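Q: Please see the structure below; I have some questions.
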Amino acid sequence: GAGVSQSPSNKVTEKGKDVELRCDPISGHTALYWYRQSLGQGLEFLIYFQGNSAPDKSGLPSDRFSAERTGGSVSTLTIQRTQQEDSAVYLCASSLAGKGLQPQHFGDGTRLSIL
Amino acid sequence: QQQVKQSPQSLIVQKGGISIINCAYENTAFDYFPWYQQFPGKGPALLIAIRPDVSEKKEGRFTISFNKSAKQFSLHIMDSQPGDSATYFCAATPWTGNQFYFGTGTSLTVIP
């Protein structure tokens, strides 16, 4: 079946603009994660959705970052008033359930470049 | 504060050699330790994972060694191949938690 799909694969925008990144998880996966991967760094947790529960937003770096998950499926990560330090690869992952023994399946990411 | 510390940052190994990547953690609540493999332009893919009730897990050429008392775990790639050249991430999570904490990654290059 289809894996996790992210769009766009690349995004270049000017500082100060808003951007929306999209994630289509694997069908039936109730858990969805967003991570940020900066050059030479590990994966930085941003936000986690599990079913209809309130999302864990503890990793969002500032109030310019927000995310939604509609209908328990597609998720959108929005960055407002982008800054150059927001340049990174944004990865989405989904799993059958939000517990450790369920492996996370990652998309190929959106490479965001802020000019 | 880095919850999971990974070393080395980069590693060069001859074809057929053994690649060893180490990770350490402090949080004793962690009880699931996966390793991910990432090729350029791709997302990480789960390679192998271990829980602390065993000291070693082997899948093909890949082995995780786990030392609970030292709070360390490592990935061994036996008979390393050029196709293994990728970035490897260790991670840890508490079974009851939501977050996975990732190491900073190791760039492995296997020379033919």
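Computed from the coordinates by the stated procedures, all read-outs in this text should not be read as laboratory data. Because the structure is a prediction, the values reported are computed rather than measured. Every residue, glycine among them, receives a Cβ derived from its backbone with ideal geometry; neighbour counts consider all protein chains shown.
Q: So what is the relative contact order for chain B, in percent, with contacts set as C-alpha pairs under 8 Å and at least six apart?
A: Worked out over chain B, it gives 38 percent.
Q: Given that compact globular proteins tend to follow 2.2 N^0.38 Å, what is the ratio of the alpha-carbon Rg of segment B:1-58 to that value?
A: Against the empirical 2.2 N^0.38 Å value, I get 1.30 for segment B:1-58.
Q: OK, next. In terms of the Cα gyration tensor, with a ≥ b ≥ c the square roots of its eigenvalues, is chain A rounded because a/c is under 1.5, prolate because a/b exceeds b/c, or oblate?
A: Prolate is the answer for chain A, as a/c is 1.5 or above and a/b outweighs b/c.
Q: In debye to the nearest 20, how big a dipole does the protein assembly as shown give about its Cα centre with +1 on each Lys and Arg Cβ and -1 on each Asp and Glu Cβ?
A: Roughly 140 debye, rounded to the nearest 20.
Q: Let me ask something else. Sequence neighbours fewer than 8 away in the same chain don't count; with that in mind, list the lysines whose C-alpha is under 19 Å from A:Lys15.
A: Within the straight-line cut-off, A:Lys15 pairs with nothing.
Q: Run the dipole for segment B:4-111 about the Cα centre, Lys and Arg Cβ at +1, Asp and Glu Cβ at -1, nothing else charged, and hand back the magnitude in debye, nearest 20.
A: The dipole of segment B:4-111 has a size of about 60 debye.
Q: Could you list the GluC sites (Glu not before Pro) in segment B:1-62 that lie in coil according to DSSP, counting only those with at most 16 other Cβ atoms within 10 Å of their Cβ?
A: In loop regions of segment B:1-62 (DSSP not H, G, I, E or B), the sparsely surrounded GluC sites (Glu not before Pro) are B:Glu26.
Q: List the lysines whose Cα lies under 21 Å from the Cα of B:Lys42, skipping any in the same chain that are fewer than 8 positions away.
A: Counting by Cα, and skipping residues close in sequence, B:Lys42 has these lysines nearby: A:Lys11.
Q: Let me understand segment B:4-111 better: what is its radius of gyration from the alpha carbons, and its Dmax, in angstrom?
A: 13.2, 41
Q: Label B:Ser10 and A:Ala54 with points 7 Å out from Cα along Cα→Cβ: what is the distance between them in nm?
A: 4.5
Q: Here is a follow-up. Give me the tail of P(r) for the protein assembly as shown as a percent: Cα-Cα pairs with distance above 32 Å.
A: Looking at the protein assembly as shown, the distances longer than 32 Å represent 19 percent of pairs.
Q: Right, another one. Would you mind calculating the relative contact order of chain A from Cα pairs under 8 angstrom and at least 6 residues apart, reporting the percent as a whole number?
A: 38
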